[in-house]
Every structure is written in structure tokens, then in C-alpha cells.
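Colleague: The structure under discussion is supplied below as C-alpha cells; questions concerning it will follow.
The values are calculated or read from the model by the stated rules, or taken from the named source; none is laboratory data. Keep in mind the model is a prediction, meaning the values are calculated, not measured. Here the Cβ is made from the backbone with ideal geometry for all residues, glycine too, and neighbour counts use every protein chain on show.
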Amino acid sequence: MIMKIHRAYQFRLYPTKEQEVIIRKTFRCTRFVYNYCLDLKKKNNYLTKFDLMKELPKLKKEYPFLKEIDSCSLQNAITDLMVGFRLFEKGHGGYPKFKKKGVKESFRTSFITSSYKGTIYENIKLDLKRRIIELPKIKEIKIRGYRNLDKISGRILNATIREVGTRFYVSVCVEEEIKLPERKNNQAVGIDIGVKNLVVTSNKEYYGNPRYLEKYEKKIKRFQQELSRKIKGSKNYIKCKKKLEEVYRKLKNARKKTVEEIVAKIIALHDIIIAENLQVKKMLEHKNNHKHLRKEITNATFSEIIRVLKYKCNWLNKIFIQVNPYYASSQICSGCGNKESIMKDIRVREYKCSKCGLEIERDYNASLNILKEGLRCYNN
């Protein structure tokens, strides 16, 4: 069976000084168009995407510097704004805000192809043998990443350029066709996601929590203190802010690597993966969860584990099941089904059943219950 997927390949960019000037200019112009259209939308909420797109020619006449950058990036700024409004109307996000300088600087350009007299022209070209990507207005830029790949199969959809700390990255979104593999053993596993151990499986496999935040916390705190003492917008302020962003980048990559390794091991051995349907937002807002626990929940990246599991299972023809979020997996005895309300206290790490006498580790007991409940839902 063939399935079409969208996959993003991220490369580090090594622009020249001239190319860096164009990239930063594009950041400013897309931010300007986004904020201008947001202001119009606030004044008249009935404006459509088509209405805002019609403003671009007028803006280019009034502000000639907008002609110096890729036109697709300006159109995509308006598209992103309208997506923000659509999500807000559906209740999936807050009201769109004005973009600020130096905060999540990025822009996206769309892939365009045309032919003239038998010659095909493309505005985005990726050459992994030469380690170069060609982008509109910016021309050829050196890249690094995916050393084992000679080429990327599939159709390029768009490219997103962003600045993270002191580095520039490009994410190339590609539409690919993949052949879904056959399931090997139909073996099922239940997984309990937690703070002490990131993942505990019903096969009694424990994946510990590296707690990367503890490693970088002192640096983050120090740079935040330095940043608060500097004049906002000054050169020293910008330098310090980039150092802080660099630490956050390392923290994010460390967490990402751990999650990818855990998910890869679980998926390689099982065809049916059953997990909790965690409501992380409610867990963070719960009044009984003190500050330290909320911090641990955020650091444990619960949502990221579920997100990666979902799309990996989809790509590899695995079955992914999530049990009801109100299913009391930690309180139920995996042996006899008795419910112990004392297990609501997460400090109790050992499950002791008052009915059948079973003594078992809390998270392992929960994973067994998740497996049973998931299989029940699957078979029904």
C-alpha cells in the first residue's frame, strides 16, 4: 500500500554576509506585512484572505523596499495570519498578536515551477551532493545536514527559513510517497508516561527521565539575569539574548533526541502501541499540582512523546490506540481489578492491593492496565 506523506528536512544554513542581509530584510518585510494586515483585520473583521492579498500591490507602491524580497514570503505571511484567525475561531488558539522584532524570526517561501521553450525553471533547488540549496532572491547557500543522503525523493512544497540563536536553518517540506510495511507480529504493548521514568512498558521496560533542564537551568537563569540588567534593544542585549536562545536550542535538541530514541525502540518491537490520552494542559492547571511538579511535567515532554508516536505509527503501518483520559490506570489492580483510592497520591510508588495482596511497582501496574483497556477498545 502506497501513502503520501509530508516530511520536513531541516538543514543548517551558512549564508554569506550579503545573503544574511537579504534574509534579515525578508524577516523585517514579512513581519511588517503581517502586522499591517493584522491591524486592518482588527479594524474590519470581515476582511478575507483575498481582500488582504489585494493590499500587497498598494503596499509595494507605497513601500518600495517590499519589492526587494521574494513575493511568495509576503503572501505566506498573510496566509499564516488567516490560519491564526481560523484556529482562534475554532477555539484552538488565542487571538493573533502583533509580531515583535527578534522573537521567532522566520519566513516561508513556496515552491514554484514553470517551463519555457523546453527548459524547466524552479525557484527552490536542493543539491545534497554539492551541499547547496537555491532560494528565491538569496541564490545558492551552503547547507549542512543528512550526510548519508545523496538526494531527496518527492516534490518540494515549500521552504521555511528561521533564525535560532546565532544560527540559521532551513526546513524543506516535501511530499513523498512511501510504501507501508507489513506488520510483523501484531504484538501489543501498553505504555505509561510519567515523570520519574519517561516511559514504562507492559513488558517491564523502563526508559528513565534524563531531566535535561537540570543540566541547563543554571545557564538559563544566569543569562536571564544578565538580560534583565541590560538596556532593551542595545547591542549587548541582543548578544545576551542570542546566547540564551542557544542554550534553549541545545535543551530542545537533547529532549528531541531522547524522545526519538525511545519511540524508535518501542515501535521496532511492537505492532500495536497503547498509551494514555494525556491532557497535559489540565495537568498543568490542576490546583493540587504544586510548582515543582508542574515544572517536572513540562520538562518530561509528555505531548512530544505522543506526537512522535502518532506519526511514526502512521508511517510504519502500526496501530496506535489511546485510552480514555479518565481511565484510572494507576488506581486499578492489574491482577484482580480492585480500585485503591490511595494511589491518587503520586508519592505512593508501590501498588499494594488490599483484596488480592498483589505488590507491584506503580508505573508498571499502570502500563498493564493500559494494555488491557486498549485491547478491549480495539477488539470492540
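Colleague: Only one of 199, 263 is under 26 Å from residue 360 (Cβ atoms), part of a strand (DSSP E or B) and at pLDDT 90 or above. Can you tell me which?
Modeller: Numbers: 263 fails: part of a strand (DSSP E or B).
Unique residue meeting the criteria: 199.
Colleague: Is there a residue being within 22 Å of the chain's Cα centre (by Cα), over 19 Å from residue 370 (Cβ atoms) and among the hydroxyl-bearing types (Ser, Thr, Tyr) anywhere in region 199-211?
Modeller: No, the conditions are met nowhere in region 199-211.
Colleague: Turning to a different aspect of this structure: Here is a check on your reading of the model: is residue 166 polar (S, T, N, Q), modelled with pLDDT of 90 or more and out of contact with any Leu (no Cβ under 6 Å at 6 or more places or on another chain)? Explain how you work it out, then say what you get.
Modeller: On the way: polar (S, T, N, Q): yes; modelled with pLDDT of 90 or more: no; out of contact with any Leu (no Cβ under 6 Å at 6 or more places or on another chain): yes.
Considered against the rule, which asks whether it is polar (S, T, N, Q), modelled with pLDDT of 90 or more and out of contact with any Leu (no Cβ under 6 Å at 6 or more places or on another chain), residue 166 comes out as no.
Colleague: Here's another thing I want to ask about it. Hey, any hits in region 225-246 for a residue that's closer than 17 Å to residue 299 by Cβ and either outside the structural domain of residue 368 (by TED's automatic domain parsing) or free of Cβ contacts under 8 Å to residues at least 24 places away in the same chain (or both)?
Modeller: Looking only at region 225-246, we keep the residues that are closer than 17 Å to residue 299 by Cβ, and these are none.
Looking for residues that are closer than 17 Å to residue 299 by Cβ and either outside the structural domain of residue 368 (by TED's automatic domain parsing) or free of Cβ contacts under 8 Å to residues at least 24 places away in the same chain (or both), one finds none in region 225-246, hence no.
Colleague: Output the residues belonging to region 108-126 that are surrounded by 11 or more Cβ atoms within 10 Å (Cβ to Cβ) and free of Cβ contacts under 8 Å to residues at least 40 places away in the same chain. Show your work before the answer.
Modeller: Just the residues of region 108-126 that are surrounded by 11 or more Cβ atoms within 10 Å (Cβ to Cβ), to begin with: 108-113, 122-126.
If the condition is that a residue be surrounded by 11 or more Cβ atoms within 10 Å (Cβ to Cβ) and free of Cβ contacts under 8 Å to residues at least 40 places away in the same chain, then 113, 122, 125 are the ones that fit.
Colleague: Follow-up. Looking at residue 93 and the list (1) closer than 28 Å to residue 232 by Cα; (2) surrounded by 10 or more Cβ atoms within 10 Å (Cβ to Cβ); (3) free of Cβ contacts under 8 Å to residues at least 24 places away in the same chain, which single condition is not satisfied?
Modeller: Failed condition: (1).
Colleague: Here is a follow-up. Quick one: residue 234 ticks every box in (1) modelled with pLDDT under 90; (2) surrounded by 13 or more Cβ atoms within 10 Å (Cβ to Cβ); (3) among the polar types (S, T, N, Q) bar one, so which box is it?
Modeller: Going through the list (1) modelled with pLDDT under 90; (2) surrounded by 13 or more Cβ atoms within 10 Å (Cβ to Cβ); (3) among the polar types (S, T, N, Q), residue 234 breaks only (2).
Colleague: Hey, another quick one. Show me the strands (runs of 3 or more DSSP E) entirely contained within region 274-371 in which 2 or more residues are modelled with pLDDT of 85 or more and farther than 30 Å from residue 2 by Cα. Write out each step before concluding.
Modeller: Details: elements: 319-323, 350-352, 359-361.
Fully inside region 274-371 and qualifying: 350-352, 359-361.
Colleague: Another one. Considering only residues that are out of contact with any Asp or Glu (no Cβ under 9 Å at 6 or more places or on another chain) and closer than 15 Å to residue 8 by Cα, which ones fall in region 111-142? Give the derivation first.
Modeller: Initial filter on region 111-142 (out of contact with any Asp or Glu (no Cβ under 9 Å at 6 or more places or on another chain)): 115-121, 131, 139, 142.
Correct list: empty.
Colleague: Also, quick follow-up: Residue under question is residue 69, and the condition is that it be touching a Cys at 6+ places or on another chain (Cβ under 6 Å), assigned by TED's automatic domain parsing to the domain that holds residue 107 and touching a residue at least 60 places away in the same chain (Cβ under 8 Å); does it hold?
Modeller: Details: touching a Cys at 6+ places or on another chain (Cβ under 6 Å): yes; assigned by TED's automatic domain parsing to the domain that holds residue 107: yes; touching a residue at least 60 places away in the same chain (Cβ under 8 Å): yes.
Yes, satisfied.
Colleague: I've got another one for you. I'm trying to understand the selection: among the residues of region 197-231, which are among the charged types (D, E, K, R) and either closer than 18 Å to residue 242 by Cα or crowded, with 16+ Cβ neighbours inside 10 Å (or both)? Please lay out each step first, then the result.
Modeller: Step one: of region 197-231, the residues among the charged types (D, E, K, R) are 204-205, 211, 214-215, 217-219, 221-222, 226, 229-230.
Correct list: 205, 217, 218, 219, 221, 222, 226, 229, 230.
Colleague: Which condition from (1) touching a Gly at 6+ places or on another chain (Cβ under 7 Å); (2) in a loop (DSSP other than H, G, I, E, B) is the one that residue 12 breaks?
Modeller: All conditions are met except number (2).
Colleague: Go through region 15-47 and give me each residue that's in a loop (DSSP other than H, G, I, E, B) and touching an Asp or Glu at 6+ places or on another chain (Cβ under 8 Å). Spell out how you get there, then give the answer.
Modeller: To start, the set of residues in region 15-47 that are in a loop (DSSP other than H, G, I, E, B) comprises 15-16, 44-47.
None - no residue of region 15-47 is in a loop (DSSP other than H, G, I, E, B) and touching an Asp or Glu at 6+ places or on another chain (Cβ under 8 Å), so the list stays empty.
Colleague: Among the listed residues 163, 176, 182, which satisfies the condition of being over 21 Å from residue 260 (Cβ atoms), surrounded by fewer than 16 Cβ atoms within 10 Å (Cβ to Cβ) and in contact (Cβ under 8 Å) with a residue 24 or more places away in the chain? Let's see the steps before the verdict.
Modeller: Working: 163 fails: surrounded by fewer than 16 Cβ atoms within 10 Å (Cβ to Cβ); 176 fails: over 21 Å from residue 260 (Cβ atoms).
Going through 163, 176, 182 in turn, just one is over 21 Å from residue 260 (Cβ atoms), surrounded by fewer than 16 Cβ atoms within 10 Å (Cβ to Cβ) and in contact (Cβ under 8 Å) with a residue 24 or more places away in the chain: 182.
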